[in-house]
Every structure is written in structure tokens, then in C-alpha cells.
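What follows is one structure encoded as C-alpha cells, with my remarks underneath.
A short reminder: the numbers here are calculations on the coordinates, not readings from a lab. Computed from a predicted model, the values in this text were never measured in an experiment. Here the Cβ positions follow ideal geometry from the backbone for every residue, glycine too, while neighbour counts run over all protein chains shown.
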Amino acid sequence: MSDKFDLIVIGAGPGGYVAAIRAAQLGLKTACVEKWVDDKGTPVLGGTCLNVGCIPSKALLETTHKLHEAQHGFAAQGIVADNVRMDTKQMVARKDQIVKNLTGGIAGLFKANGVTLLQGTGKLLANKQVEVTAQDGNSSVYAADNVILASGSVPVEIPPAPLTEGLILDNEGALNIDETPKRLGIIGAGVIGLEMGSIWARCGSEVTVFEAMDDFLALADVDVAKEAKKLLTKQGLDIKLGARCTGTEIIDGKEVKVKFADASGDQEMVFDKLIVAVGRRPQTQGLLAADSGVKLDERGFIFVDDSCRTDAPGVYAIGDSVRGPMLAHKASEEGIMVVDIIAGHKAALNYDCIPNIIYTFPELAWVGKTEQQLKSEGVKIKVGKFPFAASGRAMAANATDGFVKIIADEETDRILGVHMVGGIASELIAQGVIAMEFCSSAEDLQLMVFAHPTVSEAVHEAALAVDNHAIHIANRKKR
């Protein structure tokens with residue numbers, strides 16, 4: 001038996017590394033286990049989010065948005081920028097450098113806070129013991145008073161489209177495409193599919209997105225989904241709903257034939273590359289010994305309570321491996337909550353106030369319940385919407401697509417949901433989160449002073465519109 005720790009965290013993704021740093025700050029002797037290494041055998045911290053998820057995809061989205069804006073938006077503003085083109089290899093190299101900077105920064109934070117990094121694959125044994133198996137196969141066992149499982153998730157693979165080097169890719173492979181494909185197919189119209197489709201459509205790819213469901217963005221508010229589909233289609237994404245992939249075939253090692261079925265029957269299309277983006281599953285295989293005391297459900301998720309406690313005393317689980325949305329910020333805040341509980345503090349996480357964002361352009365963002373959810377629950381609501389087309393600041397920014405929608409309880413006026421489609425919706429949604437976290441009413445936002453001219457005024461006007469008091473749009477006529 002090696003050293004004993006107050007806390008061992010398995011996984012150094014956005015849930016695990018945040019939890020480890022917080023624990024060390026609170027005076028706990030903390031270790032964090034991570035198996036990911038680069039081609040030189042150096043530990044790679046940050047998990048999926050920093051390495052092959054949130055951060056690299058946003059780097060590519062930001063670069064290609066600038067390209068699209070230069071090609072299609074500058075002329076209207078009087079800016080002449082002829083023959084603007086993309087150096088795809090440089091775009092990818094910049095993305096890689098950003099990832100390198102951030103992952104290296106976590107290593108520095110571990111050192112600064114006194115977190116011990118245990119390199120290898122972690123496995124929870126009985127009695128809160130953790131076995132760490134290094135790359136060379138040697139294992140060490142560590143004891144802890146508490147353990148946090150933060151093993152994350154991996155992409156779902158589907159039998160009709162087995163991954164094929166350079167041709168059929170998961171999200172990691174999609175981030176390393178260094179030459180714009182002429183024809184790009186994407187299976188799955190979720191967050192990853194739409195973001196990847198946006199990136200390459202801006203670079204000139206003919207993008208086709210296959211979605212097996214008949215509804216587009218079924219989890220989003222119906223107004224957000226409708227607006228998003230209209231705008232993304234206008235941008236060149238061919239979104240095929242009710243289209244189920246039935247098989248793939250590699251042609252001459254250069255192309256991918258996709259077989260799919262939709263309302264018109266069996267069909268085929270050929271692409272230069274195909275991205276499989278049908279979701280993610282918890283990475284819990286091999287994580288637990290049979291006698292660890294931790295239970296999984298039939299899909300491989302770890303059973304936890306509202307405080308992320310597992311069935312094993314002193315063992316917690318957070319992030320993508322437990323219930324709830326697979327979001328980096330959700331994992332991080334669960335990590336903070338759990339560590340605070342371990343340290344003896346009272347802590348809780350409000351799962352009703354976790355924002356969701358899709359970083360297309362315009363961006364899609366929401367927090368709280370959708371209009372269709374509330375209606376199905378029989379809640380009487382009132383709704384206010386304000387379009388960015390009526391915002392002077394949005395006009396100046398040449399970003400007038402989309403709207404802010406606020407849903408409030410008809411009787412109490414409490415805000416139940418905030419939904420947005422807009423140029424900086426990912427930033428504006430925090431205003432909705434703050435309002436809902438403090439149980440604000442629509443009137444609370446109505447009475448606040450918003451700076452002028454700002455795009456934030458759209459939030460103010462949407463709140464006013466809840467009660468038909470909007471100033472800069474015509475209000476609904478009272479019945």
C-alpha cells in the first residue's frame with residue numbers, strides 16, 4: 001500500500017481537475033489519476049473538453065466564423081476584403097496550440113496547489129482503495145478517505161458506420177481534418193453535429209446532416225429549434241430529418257457511400273468524409289472492481305443521489321458518468337459541490353439552472369424549461385419575445401438574426417425559462433441563469449437598468465414583453 005490521501009479523484013477532465021484543485025485549496029491531501037498521455041508519454045490533463053471537445057471546437061468555430069464574416073459580411077459594412085481564403089492547416093495548428101496552452105496550464109495549477117498527479121488508469125477497489133496501472137503495466141494501490149469518480153464519456157459508435165482512419169470519423173477525428181472536404185456527411189444533428197457542420201460549411205464544404213429523429217433539436221424550445229433550422233439551412237447545411245443511416249461503404253479508399261432510409265425509402269449519398277456524432281456514453285468500463293460497492297444502471301451510468309453520493313460510503317461520482325446533461329460546466333460545479341461536502345460545508349447544485357449552449361452562429365442558448373414542457377405539465381405561462389432585428393447594437397454588429405424569449409409563471413411572475421438565438425447568446429444566457437438562480441420575476445428584470453446601446457437590452461425588452469410592455473416592438477394586442 002502506497003501513500004494515503006484525504007481525497008483521490010479519478011479523471012482530470014473539467015469535473016476531476018476542478019474538484020482536485022478545490023480540495024487542495026481547502027487543505028485536503030489530494031491526488032488526481034489520469035491515464036491520457038501524448039505521443040511522448042507526457043500526461044495530458046483536461047479530459048475530452050480541453051483536448052478533443054469544447055475548447056478545440058470553439059477555436060475552429062471562431063476562426064471559421066471570422067472567415068465567413070469576412071467573405072459575406074464585410075462588404076455591407078464598407079470593408080473591402082477580396083480573395084479572403086482559409087489556410088486550413090494553420091487553423092488546425094492554432095487550435096492545437098490553444099489546447100496545449102490550456103492543458104499545460106492545468107499541470108501548473110496542480111503544482112501550485114499541491115495536487116499529486118498519479119499517471120495511469122484508475123480503478124476503484126473495495127474500501128475506497130484505488131489501483132493505478134501505469135503505461136508499463138505496473139500497478140500501485142492507494143488508500144483514501146474519499147474518492148471522486150470523474151471518468152467522463154466517450155463517443156457512441158454505431159455498427160452501420162464503423163470508424164475508418166481518415167474517412168469515417170468521431171468528434172476527435174473531425175477536429176483534426178486539415179483539408180476542407182468537398183462533400184461532408186454528418187450522422188447526428190445534435191450539438192457536435194451542428195457545430196462541426198457549421199465549421200466546414202463556412203470553409204466551403206457541401207454539408208449534409210442525417211438525423212434519425214423526425215424533430216429537430218427536440219430538447220430545445222420549439223421556437224429556438226424552428227429558428228435554428230431556418231438559419232442553418234440558409235447557411236448551407238442540408239439537414240435531413242427522419243433519415244436513419246443503415247450502412248456505409250468505402251469506395252477505392254477515398255470516399256464513403258452512406259446508405260440511409262427516410263420517408264422516401266432507401267437512398268445513398270457519397271462523401272469525402274463522414275463524421276459520426278450520435279452522442280456520448282459514460283466511460284465506466286473497467287472503472288470499478290466487482291466489490292467496490294458502486295452500482296451502475298443498464299446504460300453504464302453510475303447511480304448517485306442529488307449530492308453525487310454513490311452507494312459506497314465516501315465515494316462520489318460527477319460529470320458525464322452520472323445522470324443529467326453531459327456538460328463541462330455541470331461537471332465542474334458538481335466537483336466543487338462534492339468537495340465542499342467532503343470538507344464539511346453545506347453545498348448543493350441547482351440542476352434547474354444549468355445553461356445549455358450550441359455554438360453555431362447565431363448561437364443557441366437556454367436555461368430552465370421550454371414552453372412545450374411547461375404546457376405539458378399544465379403550468380399557466382406568459383411569454384415575452386424580442387428580436388435582435390429591433391436592437392440598435394445588434395444592427396451595428398451586423399448580427400440581427402434571432403431573439404430572446406422569456407417564459408414566466410402567469411400567476412407568480414417567476415421566470416421559468418430563458419431561451420435565445422443570437423450572436424452572443426452564450427454570453428447573454430448568464431443573465432437568465434442569474435435571474436433564475438435568484439428566483440427573479442419578469443418584473444425584476446423589467447425594473448433593472450440595462451446599458452444602452454447593448455445587445456443585453458434584448459433581455460430587458462423580452463422581460464417587458466412578458467406583460468406586453470415592450471418599448472421597441474409592437475406588443476400583442478390584449479384579448
Length released on extending from L163 to A261, taking residue separation times 0.36 nm less the Cα-Cα span: 33.3 nm
Sparse-neighbour loop sites [GluC sites (Glu not before Pro); segment 138-181; at most 14 other C-beta within 10 Å; DSSP]: E157, E165, E179
Low-density loop cleavage sites - trypsin sites (Lys or Arg not before Pro) in segment 158-234, where at most 13 other Cβ are within 10 Å (DSSP): K182
Segment 199-241: C-alpha gyration tensor shape, a/c 1.5 cut-off, then a/b vs b/c: oblate
Loop-resident sites, segment 1-90, for chymotrypsin sites (Phe, Trp or Tyr not before Pro), counting at most 15 other Cβ within 10 Å (DSSP): F74
Cβ-Cβ FRET estimate between T400 and Q285, R0 fixed at 60 Å, reported to 0.05: 0.80
Length added when fully stretched, K4-K182, from 0.36 nm per residue minus Cα-Cα: 58.5 nm
Using a Förster distance of 25 Å, the FRET efficiency for A75-H472 (Cβ separation, nearest 0.05): 0.35
Derived scalar couplings ³J(HN,Hα) [segment 331-341; Karplus, 6.51 cos²θ - 1.76 cosθ + 1.60; whole Hz; x for Gly, Pro]: 4, 4, 6, 5, x, 4, 4, 5, 5, 4, 5
DSSP-defined beta bridges in the chain - what % are antiparallel, rounded to 5: 60
Cα gyration tensor category, rounded, prolate or oblate, for the chain with a/c compared to 1.5: oblate
Whole-Hz ³J(HN,Hα) from phi, Karplus 6.51 cos²θ - 1.76 cosθ + 1.60, for segment 457-470, glycine and proline x: 4, 5, 5, 4, 5, 5, 5, 4, 5, 4, 10, 6, 10, 4
Overall form of segment 42-110 per C-alpha gyration tensor (a/c, 1.5; a/b vs b/c): prolate
Lysines whose Cα lies under 21 Å from that of K375, excluding same-chain neighbours fewer than 8 positions away: K226, K385, K405, K478
Interchain or long-range residues, amide H under 5 Å from L118's placed H: C32, V33, E34
Computed E for I250/T133 - FRET, C-beta separation, R0 30 angstrom, nearest 0.05: 0.25
Phi-based couplings in Hz for segment 424-436 (Karplus 6.51, -1.76, 1.60; Gly and Pro marked x): 10, 4, 4, 8, 5, 4, 4, 5, x, 4, 4, 4, 6
Given K89/K111; K123/K259; K257/K369; K230/K380; K40/K111, the pairs whose alpha carbons are separated by over 31 Å: K89/K111; K123/K259; K257/K369
Values of log10 I(q)/I(0), in the order q = 0.19 Å⁻¹, for segment 134-238 under a Debye, Cα-only, solvent-free model: -1.01
Extension gain, K66 back to E437 (0.36 nm per residue minus Cα-Cα distance, nm): 130.2 nm
Dipole magnitude (debye, nearest 20) for the chain, charges at Cβ of Lys, Arg, Asp, Glu: 480
Segment 373-466, relative contact order [Cα under 8 Å, separation at least 6], %: 32
Percent RCO, i.e. relative contact order, over the chain, from Cα pairs under 8 Å lying at least 6 residues apart: 14
